């Protein structure tokens with residue numbers, strides 16, 4: 001792979017400089033360049049194409065054992081070592097899916113707010129309906145959470161706050177900032 005890159009850059013930069021930057025001996029590069037191109041037999045070419053197709057059909061989840069079994073079922077004579085080697089050469093790497101982790105705690109005895117909006121997110125005037133959301137962000141100082149309140153009529157931010165951890169309190173910290181910034185003394189009734 002490095003040698004092919006060196007050959008591409010040979011028209012723009014001296015070979016000596018590129019080899020030095022990549023940590024490659026010039027003699028090794030010239031030996032590689034002098035070798036004739038490898039001819040891939042038609043049977044192996046068909047095998048490689050089929051391996052790529054099977055891997056794509058499995059959405060990247062086919063390992064070498066299953067790949068070998070599938071190829072044998074289709075009539076190819078192949079062992080596990082050759083399957084591994086070809087998968088590596090074709091850059092067919094299995095990507096393990098992470099198990100979904102539930103972060104919502106729905107089993108609690110805390111009061112749940114009523115659904116007063118009933119999915120009507122288009123109010124007719126400002127300060128009738130506010131929406132809120134919270135998200136976690138990774139920073140160099142650690143995890144923080146960002147809470148935002150927006151007016152659903154104007155889609156403007158009414159208030160926001162970021163904290164290093166959840167702090168229990170009487171109300172939502174955004175509302176203090178929001179009611180002052182919007183001067184919305186007659187804002188909607190909110191329950192958290």
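The values are calculated or read from the model by the stated rules, or taken from the named source; none is laboratory data. In this text, all values refer to a predicted model and were calculated from it rather than measured experimentally. Backbone-built Cβ (ideal geometry, glycine too); neighbour counts: all protein chains shown.
Among the residues of this structure, residue 50 does not count as one that is part of a helix (DSSP H, G or I), touching a helix residue (DSSP H, G or I) at 6+ places or on another chain (Cβ under 9 Å), exposed (fewer than 15 other Cβ atoms within 10 Å of the Cβ) and touching a residue at least 12 places away in the same chain (Cβ under 8 Å).
Name the residues in segment 136-174 that are within 21 Å of residue 122 (Cα to Cα) and either buried (at least 17 other Cβ atoms within 10 Å of the Cβ) or modelled with pLDDT under 55 (or both), would you? I'd like the intermediate steps shown before the answer.
Taking segment 136-174 first, the residues within 21 Å of residue 122 (Cα to Cα) are 148-159.
148, 149, 150, 151, 152, 158, 159 - these are the residues of segment 136-174 that are within 21 Å of residue 122 (Cα to Cα) and either buried (at least 17 other Cβ atoms within 10 Å of the Cβ) or modelled with pLDDT under 55 (or both).
Inspect segment 11-21 for any residue being under 34 Å from the mean Cα position of the chain (by Cα) and surrounded by 10 or more Cβ atoms within 10 Å (Cβ to Cβ) and give the result as yes or no. The answer is yes, given that some residue of segment 11-21 is under 34 Å from the mean Cα position of the chain (by Cα) and surrounded by 10 or more Cβ atoms within 10 Å (Cβ to Cβ).
Identify all residues within segment 76-88 that are at pLDDT below 90 and out of contact with any helix residue (DSSP H, G or I) (no Cβ under 8 Å at 6 or more places or on another chain); write none if there are none. Passing the criteria: only 77. Any residue at all in segment 136-154 that is within 22 Å of residue 46 (Cβ to Cβ) and in contact with a helix residue (DSSP H, G or I) (Cβ under 7 Å, 6 or more places away or on another chain)? Checked segment 136-154: no residue is within 22 Å of residue 46 (Cβ to Cβ) and in contact with a helix residue (DSSP H, G or I) (Cβ under 7 Å, 6 or more places away or on another chain).
In this structure, residue 70 does not qualify as within 30 Å of residue 159 (Cα to Cα) and free of Cβ contacts under 8 Å to residues at least 40 places away in the same chain. Looking at the structure I just gave you, is residue 109 modelled with pLDDT of 85 or more and on the phi > 0 side of the Ramachandran plot? Judged against the criteria, residue 109 is not a match. Looking only at residues of segment 31-43 that are in a helix (DSSP H, G or I) and in contact with a helix residue (DSSP H, G or I) (Cβ under 8 Å, 6 or more places away or on another chain), we find that the one that is nearest to residue 76 (Cα to Cα) is 32.
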